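Colleague: Sending over a structure as structure tokens; questions will come in a sec.
The values are calculated or read from the model by the stated rules, or taken from the named source; none is laboratory data. Quick caveat: nothing in here was measured; it's all calculated off a predicted structure. For neighbour counting, all protein chains shown are included, and Cβ atoms are generated from backbone atoms with ideal geometry for every residue, glycine included.
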Amino acid sequence: MPKSSKAAAVTNPYSPHPSIQMMINWVHGLKKKTGRSLDEWMAFIEQGGPPTEEQRREWLKAHHKLGTNESWYLAELSVGKGWDDLSPEAYVAKAPQMVEAMFEGKRAHLRPVYDALLELGLSQGPDVKACPCKTIVPLYRTHVFAEIKPATNSRIDLGFALGDMPAEGRLIDTGGFARKDRITHRIPITTAGEIDAEVKKWLKTAYTRAKKK
């Protein structure tokens with residue numbers, strides 16, 4: 001491996017998103033559930049399926065009695081999309097680029113705030129995983145316990161999974177508990193100086209609540 005690649009691997013703080021393992025498990029069970037492996041489905045669709053992704057999706061549902069999710073995934077994969085979702089390595093390599101895109105342009109000044117929050121989140125314990133999506137960076141233990149979200153051009157929301165705990169101080173109830181969302185509270189942060197003892201207390205509380213039972 002080139003020296004620069006080694007450095008990138010060492011400094012990359014991100015981990016594979018849990019959804020990737022779900023997709024891998026789905027692929028492993030595909031033959032047993034549907035009678036064809038992923039490779040067999042790809043060859044079958046290419047040989048006899050309609051030309052577009054949308055048509056293939058409907059064809060798989062109507063003519064081969066596959067479920068909505070299975071039809072969606074197979075049609076997507078058959079046109080060359082979504083293959084990174086089956087590769088933890090590809091996801092981790094792409095994760096820094098997703099974060100860079102979140103803080104381009106008018107949000108660039110928020111990047112130091114994000115970096116400080118990410119460092120704080122990862123410091124909660126060796127089992128913490130940061131798994132970027134396009135618009136947020138969730139922090140996982142056994143479940144999502146917090147998320148870092150550039151909410152506006154001037155603010156990052158640090159969200160917490162705190163269940164039905166009452167909001168106090170700077171903590172804002174998002175209404176997430178009533179909607180059965182994992183993230184139920186947030187604290188808006190505009191500068192690194194606002195990452196104070198209160199922020200650290202709620203992050204530690206959320207981390208502790210996510211402990212294995």
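Colleague: If a residue has to be more than 13 Å from Leu158 (Cβ to Cβ) and touching a helix residue (DSSP H, G or I) at 6+ places or on another chain (Cβ under 7 Å) to count, how many in segment 107-128 make the cut?
Modeller: So the count comes out to 3.
Colleague: Another question, if that's okay. If you go through segment 62-79 one residue at a time, how many are part of a loop (DSSP other than H, G, I, E, B) and surrounded by 17 or more Cβ atoms within 10 Å (Cβ to Cβ)?
Modeller: Of the residues in that region, 1 qualify.
Colleague: Which residue pairs have Cβ atoms under 9 Å apart, sit 6 or more places apart or on different chains, and have a first residue in segment 151-168 that is not assigned by TED's automatic domain parsing to the domain that holds Glu198 and basic (Lys, Arg) and a second that is exposed (fewer than 14 other Cβ atoms within 10 Å of the Cβ) and modelled with pLDDT of 95 or more?
Modeller: The qualifying pairs do not exist here.
Colleague: Here is a list: Thr205, Thr135. Which entry is in contact (Cβ under 8 Å) with a residue 40 or more places away in the chain, of a type in the set (Val, Ile, Thr) and either touching a Gly at 6+ places or on another chain (Cβ under 6 Å) or surrounded by fewer than 19 Cβ atoms within 10 Å (Cβ to Cβ) (or both)?
Modeller: After applying the criteria, what remains is Thr205.
Colleague: Right, another one. Which residue, of Lys33, Lys94, is in a helix (DSSP H, G or I), more than 22 Å from the chain's Cα centre (by Cα) and surrounded by fewer than 18 Cβ atoms within 10 Å (Cβ to Cβ)?
Modeller: Selected residue: Lys33, the only one of Lys33, Lys94 that is in a helix (DSSP H, G or I), more than 22 Å from the chain's Cα centre (by Cα) and surrounded by fewer than 18 Cβ atoms within 10 Å (Cβ to Cβ).
Colleague: Could you say whether any residue in segment 82-89 is of a type in the set (S, T, N, Q) and not in a loop (DSSP other than H, G, I, E, B)?
Modeller: Of all residues in segment 82-89, those of a type in the set (S, T, N, Q) come to 87.
Okay, now just the ones that are also not in a loop (DSSP other than H, G, I, E, B), so none.
Looking for residues that are of a type in the set (S, T, N, Q) and not in a loop (DSSP other than H, G, I, E, B), one finds none in segment 82-89, hence no.
Colleague: Another one. Can you pull out every residue in segment 159-184 that is surrounded by 13 or more Cβ atoms within 10 Å (Cβ to Cβ) and touching a helix residue (DSSP H, G or I) at 6+ places or on another chain (Cβ under 7 Å)?
Modeller: Within segment 159-184, Phe160, Ala161, Leu162, Arg170, Leu171 qualify.
Colleague: Taking the conditions exactly as written (exposed (fewer than 13 other Cβ atoms within 10 Å of the Cβ) and either closer than 23 Å to Ala101 by Cα or within 21 Å of the chain's Cα centre (by Cα) (or both)), does Glu119 satisfy them or not? It would help to see each step written out before you state the result.
Modeller: Working: exposed (fewer than 13 other Cβ atoms within 10 Å of the Cβ): yes; either closer than 23 Å to Ala101 by Cα or within 21 Å of the chain's Cα centre (by Cα) (or both): yes.
Spelling it out, Glu119 is indeed exposed (fewer than 13 other Cβ atoms within 10 Å of the Cβ) and either closer than 23 Å to Ala101 by Cα or within 21 Å of the chain's Cα centre (by Cα) (or both).
Colleague: When you scan segment 174-203, how many residues do you find that are of a type in the set (S, T, N, Q) and within 22 Å of Tyr140 (Cβ to Cβ)?
Modeller: Number satisfying all stated conditions: 2.
Colleague: Okay, moving on. Would you point out the residue of segment 54-75, among those that are at pLDDT 95 or above and acidic (Asp, Glu), that is farthest from the chain's Cα centre (by Cα)?
Modeller: Glu58
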